[in-house]
Amino acid sequence: MKKFYVALLCLFLAAAVQAQSPGGVGAANVAMWLKPDGLVAGPLATWIYANNGANSFTSPSGSQPTVVGNVFNFWPAVSFDGSTTYMAGPNGANAPLAANQLAYSIFAVWSSTVATGGPQMRLWSQRQSVSNSGSSYDGASLWIYTNGNSQGQPFNVSAPTYGDQLEEGNSFTTGVSLPTNTSGTPWVWGGATPSTSILTYAPNTSTSPAYISSLNLLNANTNDLELMDQSNYGTTPALATTDPSLSATTNRKLSTQENVLGARTAAAADQSFSGNLAELIVLNTSVTATQREQIFSYLALKYGLPLNGPYLSSTGTTIWDPTALSGGYNNFVFGLGQDNGSGLTAMSQSNSMSTTGVSGAANIALSNASSLTDQGFMMVGSNNAGTGEITTNVPTVAAGSSRLQDQWLVQNTGTVGTVDVAVDLTGVTTTGTKGTSTDFRLVTDNDGDGDFTTGTQGYYTPTSWTSSNNVANFTAVNLSSNSKVVFTVLTAASGGTPLPVNWVSFTAVPDGANVNLNWTVGANEQAKVYQVQRSTDGATFTNIGDVSNDAAVKSYSYVDAGVGAGSYYYRVLEVDQDGESIYSKVVTVNMNGGGFSIKLLNNPTISSNTEPELRLTTNTSGNVLLEIWTLAGARAGSFHQAIGNGTTTMRIPMTGLAPGTYALKVTLNNTTQTLQVVKL
């Protein structure tokens, strides 16, 4: 099966409005939470806990790991060299887990290029700081064993293994083994091969970028360790017994002397880890199956790692249920969403998928959601039919067109709005000429049954091509007209296929008690009417007026008069002469006497070429305060500028800032809006 990757770009704003925890799971039980948010490329001397700003890992000069950008789904990761790099964290009373604790859980997103036959490695370890002897060095760790094929049972497998090592006395026991051998007796060092295989990992490649590992320790004597990653997510965890005498609750010990990243002990930096770590979570309790699904879903959404089971939000709501789908769409699932309980929100950034795209896979990326709100999710799955061209199941109006065999099901929860869709056609053979927009269409089947010959369809022409004309970019695509929508791509559009109006711009500006709506279009020869729609929640829209199209006119306006205080969402539905239609993007207005609209240009920005610009539109004058904040909560810069009514463009000086993601806070007349800005 081909490997298919999709880009879900997510970030965490420092100014959260509610308590956050991974997947919304037990904030009080999060003992340690390390995230890459706000890390700057280069040597890493300090890594601060996300759940507790008072605690951190540190590393002395010469032993510091390196922060590398764009490792997992455009997120940075911390790279350890497998030799000298490590980080030491709080120990003793401040260690993540209490002494002799029996129930806890570990989650991590990581990768390693080390193949079978390499050394033992520790990604994280909490243990004593003495040598490898006796019963006093008991500990917990995310342990990676690569040389199993040369060591005999229970490690004689053809791939590296990983798990939790709980060193119990002189019996070298480990959570990567299973509890019994072929004769049914507990395994001890030198015993027979276990009857069931253990969890393994594939060394990092372009088609195997990372693992989400879950190690769940239970307060039990046997089967006390549940192991799970993408390979068995959605089924049941692999079970292991950590104590060969089947007395784990008596014999297991957990020391608090050392808390180390990238090695077993800080003093010797032994069993050093070689690979990348993006996120590490340690909870001081075991997790339930639902809690584990919530944390897996959070990590999968953030790092673009498809799961083979359900996706849950931080409230426990199912946002992708493979058992409720028909048509075989549970392949290469990804999504876009906002989840305040996890601090997860969609990032308004387009991309060419150059760091994740797989040639010939028709990779998809979503970005720039127009009206995303908390608990709004847009999940997408492929039918995995292939990227070859077919001429069947195309809309009647597009008869004679070719399309990709692949089609994608969109499952919507809450409010998302329109999105930008990028389709990477690198390595995909198409009859249409890449870079020629009239040859291609993104087609939506709005009733979600996957039959493009029935129901209503929407048509979108590429607004631009990037990455040497291999990536088709479609803007303001409405994939949320129904709870389920299916889309595909025409790769050789017939002459009769509708060319929808080209939305150039759409703005909404407060004017006293009124809202002035203005939009500019192109290619509107077939347009008939523009239906202006308003919403108070971003989900349910009502038609408030119609504006007739004139093929000779490109700019239109509408005044929504006498609007009361509150927040309002606007969009325009253009309807063609033949009944086909296309939505504009959704814009928001805050009618509180000081409302304004903002748009960020040149984002992301490349430091050597451009700086981002803020375009602010308001009907009042005032003094604007712009603040740049790191995601760790530090203010990196600020300045004031006096403006008048109308539209003002301001340059955002980021020359002196390190590459990374920042929050831009814009305050005018006691009203604040926040945008995300990225410096590459």
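The values are calculated or read from the model by the stated rules, or taken from the named source; none is laboratory data. In this text the structure is predicted, and so the values were computed from the model without any measurement. Quick reminder, even Gly has a Cβ in these numbers, built from the backbone with ideal geometry, and neighbours come from all protein chains shown.
Residues of the range 267-291 that are in contact with a strand residue (DSSP E or B) (Cβ under 6 Å, 6 or more places away or on another chain) and closer than 26 Å to N29 by Cα: N276, L277, A278, E279, L280, I281, V282, L283, N284, S286, V287.
Take the conditions (1) part of a loop (DSSP other than H, G, I, E, B); (2) closer than 21 Å to A98 by Cα; T249 misses just one of them, which is (1). Filter the range 486-508 for residues that are among the hydroxyl-bearing types (S, T, Y) and touching a residue at least 40 places away in the same chain (Cβ under 8 Å) and give the result. The answer is T488, T491, S494, T497, T507. Filtered by the rule that a residue be surrounded by 23 or more Cβ atoms within 10 Å (Cβ to Cβ), at pLDDT 95 or above and not in a loop (DSSP other than H, G, I, E, B), the range 368-406 gives a lone residue, R403. Summed over the range 223-250, the residues that are hydroxyl-bearing (S, T, Y) and buried (at least 18 other Cβ atoms within 10 Å of the Cβ) give a count of 3.
Residues are listed down the side, and each one gets a yes or a no for (1) hydrophobic (A, V, I, L, M, F, W, C); (2) on the phi > 0 side of the Ramachandran plot:
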| site | (1), (2) |
| --- | --- |
| T235 | no, no |
| L246 | yes, yes |
| R252 | no, no |
| N259 | no, no |
| R264 | no, no |
| S272 | no, no |
| A278 | yes, no |
| I281 | yes, no |
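Of all residues in the range 82-101, those that are over 14 Å from S125 (Cβ atoms) have Cβ atoms under 8 Å from Cβ atoms of residues that are crowded, with 22+ Cβ neighbours inside 10 Å and aromatic (F, W, Y), 6 or more apart or on another chain, in G82/F273.
Here T426 does not qualify as outside the structural domain of S535 (by TED's automatic domain parsing), modelled with pLDDT under 90 and either under 16 Å from A361 (Cα atoms) or buried (at least 23 other Cβ atoms within 10 Å of the Cβ) (or both).
Inside the range 81-124, residues that are in a strand (DSSP E or B) and not polar (S, T, N, Q) make up a count of 13. Every condition in (1) modelled with pLDDT of 90 or more; (2) within 26 Å of G381 (Cβ to Cβ); (3) not assigned by TED's automatic domain parsing to the domain that holds I390 holds for N516 except the one numbered (2).
Among the residues of the range 499-522, those that are surrounded by 16 or more Cβ atoms within 10 Å (Cβ to Cβ), hydrophobic (A, V, I, L, M, F, W, C) and in a loop (DSSP other than H, G, I, E, B) comprise L499, V501.
Take the conditions buried (at least 20 other Cβ atoms within 10 Å of the Cβ) and over 17 Å from A31 (Cα atoms) and apply them to P96. Does it pass? If you could, list the steps in order and put the result at the bottom.
Numbers: buried (at least 20 other Cβ atoms within 10 Å of the Cβ): yes; over 17 Å from A31 (Cα atoms): no.
In short, no.
Residues in the range 43-80 that are touching a residue at least 60 places away in the same chain (Cβ under 8 Å), farther than 17 Å from Y303 by Cα and assigned to a strand (DSSP E or B): W47, I48, F57, F80. Against the criterion of being over 30 Å from D550 (Cβ atoms), among the small types (G, A, S), at pLDDT 85 or above and not in a loop (DSSP other than H, G, I, E, B), A663 does not qualify.
Being crowded, with 23+ Cβ neighbours inside 10 Å, of a type in the set (S, T, Y) and either in contact with a helix residue (DSSP H, G or I) (Cβ under 8 Å, 6 or more places away or on another chain) or more than 24 Å from G400 (Cα to Cα) (or both) is the requirement here; does S480 meet it? When the stated conditions are applied, S480 passes them.
Can you spot a residue in the range 633-650 that is crowded, with 16+ Cβ neighbours inside 10 Å, touching a residue at least 40 places away in the same chain (Cβ under 8 Å) and not in a strand (DSSP E or B)? For the range 633-650, residues crowded, with 16+ Cβ neighbours inside 10 Å, touching a residue at least 40 places away in the same chain (Cβ under 8 Å) and not in a strand (DSSP E or B): absent.
Given the criterion aliphatic (A, V, I, L, M) and touching a Ser or Thr at 6+ places or on another chain (Cβ under 6 Å), identify the matching residue among V423, V394, V489, V419. Before the answer, list the steps.
Numbers: V423 fails: touching a Ser or Thr at 6+ places or on another chain (Cβ under 6 Å); V489 fails: touching a Ser or Thr at 6+ places or on another chain (Cβ under 6 Å); V419 fails: touching a Ser or Thr at 6+ places or on another chain (Cβ under 6 Å).
Checking each option against the conditions leaves just V394.
Would you mind stating whether D420 is acidic (D, E), part of a loop (DSSP other than H, G, I, E, B) and either surrounded by 19 or more Cβ atoms within 10 Å (Cβ to Cβ) or outside the structural domain of D578 (by TED's automatic domain parsing) (or both)? No: the conditions fail for D420.
A quick yes/no check of all residues on (1) aromatic (F, W, Y); (2) free of Cβ contacts under 8 Å to residues at least 12 places away in the same chain; (3) within 29 Å of G381 (Cα to Cα):
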position: F474; (1), (2), (3): yes, no, yes
position: K484; (1), (2), (3): no, no, yes
position: V521; (1), (2), (3): no, no, no
position: V559; (1), (2), (3): no, no, no
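Considering the conditions (1) among the polar types (S, T, N, Q); (2) closer than 14 Å to T617 by Cβ; (3) under 31 Å from the mean Cα position of the chain (by Cα), T655 is excluded by exactly one of them, (2).
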